[in-house]
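Here the structure is laid out as structure tokens; the discussion comes afterwards.
The values are calculated or read from the model by the stated rules, or taken from the named source; none is laboratory data. These figures come from a predicted structure and were not determined experimentally. Cβ placement follows ideal geometry from the backbone for every residue including glycine, while neighbour counts extend to all protein chains displayed.
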Amino acid sequence: MARNRSIAFPAVAAAVLIAATACSSARHDTQPPPSGEFRKQTLHFATTVGPDDKTSCDVIGDLYTPVDASAAHPVPALLTTNGLGGSKEQVAMYGNYYAAHGYTVLAYSGLGQGGSGCQVYLDSPDFDGKAATRLVDFLGGVDGIAFQDAAHTLPVPAPDYVVHDKTDHDGHSGPHDPRVGMVGGSYGGAVQFAAAARDPRIDAISPMITWNDLSYALVPNGTGQLTGVSTAVPGAPKTQWMNRLSGGSTCRAGMAELCGLRDVVSGNGYPTREQVDMLRADSVASYLGRIRIPVLLIQGEQDTLFNLNEARASYDGLRAQGTETKMIWMSAGHSVLTPEPGSKVGVVDPAVNYWDARQTRWFERYLRDGDGDTGPRFAYYRNWIPFAGDPAAAYGTADNAEVGAPRTMYLSGDSRLTDDRSAVRPGNQDLTTGPGGTELSWTTAPVGTALDIAGIPKLTVRLAAEQPLNGSVADAAVVFASLYDVAADGSSALIDGLITPARITGLQDPVTISLSGLVHRIIPGHSLRLRISGSAEGFDAPSAVHRLTIAAGPEQALVLPVVGS
């Protein structure tokens, strides 16, 4: 597929909720405390991008400069850009806060958005990554990049007031290596990986509510993972999200390839191999090994676009290769834009926003050579914990992301979900996949004490088909797994809107499905319900129709990550 393609996500409020120091220069303790005053200047940047460096793009950005910054007293820098469909104004809060606290901030509109030229790409390292690298050049003192005008006729000199490092993170020494980090959410989160993969001068990043593998995000498969969330076989397309992104029945300008993806999956029920490769190529899953700087991941618990599994995949991969990484699961995401009580959207306020407090300490540590505590390795928001003032009280913390102890619940033939293996009753239940597919469910008894779940549940089932599967993607059986909170009156609610599809090409062995991660309390008197269905709202119904049978037995089990008991 040609690389001159474009795709855009809508601007969403959630996107703005939003030994590394071995390469550092000497400490700058002589810098006086910032006055809090700064100036702001809108600039145009001449960038050249693409795999052949032949695509010229004008990037518009706002440069926030502390009035105290000077060549004698240099300051560190931050880059930030918007979620797709937005602009530099969407991330102005980072400029306003960090410039008032002694950082130079360059907030820019991503390619093809908010006044910047060229088209929108999928945070490709060759396009978006190279554009960010050009801005790092500017912050490092390279002239001939910034201009007052879009025609690039009125040059603006590069800053001489940004701290420089002696070497980059590849150990190379150069004259234009600024101390610089990146912050932002959604598309503005993934671009940080794309930039850091290309530019070893970037010192620390904090990607928020973003993806690990875009093929999983848009066409997720909960089974058959190769590594992280990536699978050899595509899952079920998120038709509802694709329609929102592409503009519905008519194709939004610049969205031809997303519309093409939508049209293919609406006909087949799955994307082509080429489309999967395209999505995965512009995902950190494909180049995670090139990310070697400190990473603070922040993901939303209520996010049906980029779920917690994506952040966990990035976290696990980075930690496994020795990259300094910490992770926060906050309350809101693309699906629910309301953060925890008392928190504020659209401003940076460490006093009331837990993630802001963690980010400010992260950048103090890695951009200012600070020695303060950057917080726990893993933190997750628990909406059942009351607090007043400090939101940190509502966060559970741990040194490991595996905070929940496994608790096995068995699928009984009488539709009960029980943790007593001896109580499982025999029985077969039938399920039909495809348009208008049927559903099955298993429900626990009302819990006597709170059941707190935090992590990624795993479902293992053995399925039998009335007609054998031929092993192809087209003939696969597609099922959807989800968890519900059932009240004492029998009413039920889908937990955080999370549904996990699984495309199954063979039934010789039991199938294990990694459900969407969640943090949820089942309160006393409520029950937990597992539902397996042959179709699901928000997803394209698979074209292949299969009649499946699930027989009760000890190998049919749901494993929950349970904390606190």
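The single residue among Ala398, Ala394, Ala445, Ala450 that is within 30 Å of the chain's Cα centre (by Cα) and under 16 Å from Ile522 (Cα atoms) turns out to be Ala450. Filter region 232-247 down to the residues that are at pLDDT 75 or above and in a helix (DSSP H, G or I), then identify the one that is farthest from Phe539 (Cα to Cα). For region 232-247, the residue satisfying everything is Arg244.
Listed by first and then second residue, the pairs with beta-carbon distance under 6 Å, at least 6 apart or on different chains, first residue in region 37-60 and of a type outside the set (A, V, I, L, M, F, W, C), second modelled with pLDDT under 95 and assigned to a loop (DSSP other than H, G, I, E, B), are Asp58/Gly117.
I need the full set of residues from region 479-495 which are among the small types (Gly, Ala, Ser) and either at pLDDT below 95 or part of a loop (DSSP other than H, G, I, E, B) (or both), in order please. Correct list: Ala487, Ala488, Gly490, Ser491. Screening Thr449, Thr397 for residues that are part of a strand (DSSP E or B), at negative phi and hydroxyl-bearing (Ser, Thr, Tyr) leaves exactly one candidate, Thr397. Checking each residue in region 363-372 for being assigned to a loop (DSSP other than H, G, I, E, B) and buried (at least 17 other Cβ atoms within 10 Å of the Cβ) picks out Arg368, Asp369.
Table: residues versus (1) part of a loop (DSSP other than H, G, I, E, B); (2) over 15 Å from Leu84 (Cβ atoms); (3) among the aromatic types (Phe, Trp, Tyr).
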position	(1), (2), (3)
Gly110	yes, no, no
Val120	yes, no, no
Gly129	no, yes, no
Phe138	no, yes, yes
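The set of residues in region 496-513 that are in a strand (DSSP E or B) and either more than 15 Å from Trp442 (Cβ to Cβ) or more than 25 Å from the chain's Cα centre (by Cα) (or both) comprises Asp496, Gly497, Leu498, Ile499, Thr500, Pro501, Ala502, Arg503, Ile504, Val511, Thr512. Of everything in region 159-217 that is crowded, with 24+ Cβ neighbours inside 10 Å and of a type in the set (Phe, Trp, Tyr), the residue that is modelled with the lowest pLDDT is Tyr187. Here region 469-485 is the region considered, the condition is being out of contact with any strand residue (DSSP E or B) (no Cβ under 7 Å at 6 or more places or on another chain) and of a type in the set (Gly, Ala, Ser), and the residue that is surrounded by the most Cβ atoms within 10 Å (Cβ to Cβ) is Ala474. In the set (1) surrounded by fewer than 20 Cβ atoms within 10 Å (Cβ to Cβ); (2) of a type in the set (S, T, N, Q); (3) outside any loop (DSSP other than H, G, I, E, B), the condition left unmet by Thr250 is number (3). Any residue at all in region 440-449 that is at pLDDT 95 or above and either in contact with a Gly (Cβ under 8 Å, 6 or more places away or on another chain) or assigned by TED's automatic domain parsing to the domain that holds Asn268 (or both)? Yes - at least one qualifying residue is present in region 440-449. Note on region 344-362: among residues that are part of a loop (DSSP other than H, G, I, E, B) and of a type in the set (A, V, I, L, M, F, W, C), the one that is nearest to Tyr381 (Cα to Cα) is Val352. If the requirement is being under 18 Å from Pro159 (Cβ atoms), modelled with pLDDT of 95 or more and crowded, with 19+ Cβ neighbours inside 10 Å, which of these qualifies: Ala71, Ala100, Ala92, Ala77? Step by step, each of Ala71, Ala100, Ala92, Ala77 is checked, and only Ala77 is under 18 Å from Pro159 (Cβ atoms), modelled with pLDDT of 95 or more and crowded, with 19+ Cβ neighbours inside 10 Å. Within the option set Thr133, Thr153, being in contact with a Phe, Trp or Tyr (Cβ under 8 Å, 6 or more places away or on another chain), of a type in the set (Val, Ile, Thr) and either outside any strand (DSSP E or B) or farther than 22 Å from Thr81 by Cα (or both) holds for one residue only, Thr153.
Selection over region 376-393 of residues that are modelled with pLDDT of 95 or more and surrounded by 20 or more Cβ atoms within 10 Å (Cβ to Cβ) gives a count of 5.
Listed by first and then second residue, the pairs linking a residue in region 106-125 that is under 17 Å from Leu43 (Cα atoms) and not assigned by TED's automatic domain parsing to the domain that holds Val75 to a residue that is of a type in the set (Phe, Trp, Tyr) and outside any loop (DSSP other than H, G, I, E, B), with Cβ atoms under 6 Å apart and 6 or more places separating them unless they lie on different chains, form an empty list.
For region 514-541, taking the residues that are among the hydroxyl-bearing types (Ser, Thr, Tyr) and in a loop (DSSP other than H, G, I, E, B), the one that is modelled with the lowest pLDDT is identified as Ser535.
Restricting attention to region 535-565 and to residues that are within 15 Å of Leu515 (Cα to Cα) and in contact with an Asp or Glu (Cβ under 8 Å, 6 or more places away or on another chain), the residue that is surrounded by the fewest Cβ atoms within 10 Å (Cβ to Cβ) turns out to be Val562. Does region 452-461 contain any residue that is part of a loop (DSSP other than H, G, I, E, B), within 30 Å of Pro237 (Cα to Cα) and at pLDDT 95 or above? Checked region 452-461: at least one residue is part of a loop (DSSP other than H, G, I, E, B), within 30 Å of Pro237 (Cα to Cα) and at pLDDT 95 or above. Which condition does Asp414 not pass, out of (1) modelled with pLDDT of 95 or more; (2) among the acidic types (Asp, Glu); (3) out of contact with any strand residue (DSSP E or B) (no Cβ under 7 Å at 6 or more places or on another chain), if it passes all the others? It is condition (1) that Asp414 fails.
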